[in-house]
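Quick notes on the structure that follows.
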Amino acid sequence: MQYSFRMESRNAVVRKMRAFNRFYTNIIGVVDRCVLDSQFSLTEARVLFEIDRDPAATARKIRNLLQVDEGYLSHTIEKLIRLGLVERTRSEEDKRSFKLVLSGKGRAEFRALDEKSDRSTESLLRGLSDEDINTLAGSMREIERILGKGGAA
């Protein structure tokens with residue numbers, strides 16, 4: 001994919017990236033207090049996602065992935081435990097560490113949230129041509145590739 005943009009100053013690119021971030025976060029609704037009309041904040045939803053995805057999830061792994069404050073993450077995990085969504089068990093490999101797993105209730109809540117997220121994302125694609133969808137997918141891969149080089153991903 002070849003673009004014929006003139007070279008732009010870093011300040012102009014920063015302004016465009018920030019404008020795009022505002023545009024996209026409005027479209028996907030992450031500026032709402034709760035994600036997808038659920039009881040969960042974006043951070044809580046991401047923590048549930050990471051625990052579901054990784055059978056060996058720990059608070060440290062999640063903190064490194066999400067790059068969030070340790071105290072904030074600890075508070076978030078404690079809330080999910082109090083809600084009965086997450087269970088903490090001592091790691092067999094490292095007795096100082098605790099694995100985090102979704103409870104039965106947590107799996108059910110996460111599945112419902114995941115399905116809502118799929119439907120919401122699919123609705124963004126409704127009305128787009130196959131060509132536009134392919135261009136969008138390619139552009140997202142390219143953004144991940146470029147930003148991943150700088151350690152941002």
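For this structure, a couple of remarks:
- Remark: segment 101-113, residue by residue, has Karplus-estimated 3J(HN,Hα) of 9, 6, 6, x, 5, x, 4, 5, 4, 5, 4, 4, 5 Hz, where x stands for each Gly or Pro and the curve is 6.51 cos²θ - 1.76 cosθ + 1.60 at θ = phi - 60°.
- Sum of side-chain charges, Tyr72 neighbourhood, beta-carbon under 13 Å (Lys, Arg +1; Asp, Glu -1): -1
- Amide H to amide H distances under 5 Å link Val86 with Ile81, Ser103, where only residues 5 or more positions off or on other chains count and H is placed in the peptide plane.
- Theoretical ellipticity at 222 nm over the chain - DSSP helices of four or more residues, -39500 (n - 2.57) apiece, nearest 500: -20500 deg cm²/dmol
- 25 °C / 0.890 mPa s Stokes-Einstein diffusion coefficient of segment 1-139, Kirkwood radius on C-alpha pairs, µm²/s: 139
- Look at where the Cα atoms of segment 34-68 and of segment 86-105 average out, and the two centres are 15 Å apart.
- Net charge, Ser91 excluded, C-beta distance under 14 Å - Lys, Arg +1, Asp, Glu -1: +2
- Farthest positive-ward along segment 34-120 dipole, Cα basis, beta-carbon charges - from Leu65, Leu85, Leu42: Leu85
- Phi angles across segment 10-18 convert, under the Karplus curve 6.51 cos²θ - 1.76 cosθ + 1.60 with θ = phi - 60°, into 3J(HN,Hα) values of 4, 4, 5, 5, 4, 4, 5, 5, 5 Hz, Gly and Pro given as x.
- Cβ-defined net charge surrounding Arg18, 15 Å radius [Lys, Arg +1; Asp, Glu -1]: +3
- Exposure proxy shown here: for Val68, Val86, the number of other Cβ atoms within 10 Å sets the order, fewest to most, as Val68, Val86.
Bear in mind these aren't lab numbers, they're just calculated from the coordinates by the rules spelled out. In this text, all values refer to a predicted model and were calculated from it rather than measured experimentally. Positions of Cβ are generated from backbone atoms using ideal geometry, with glycine treated the same way; all protein chains shown enter the neighbour counts.
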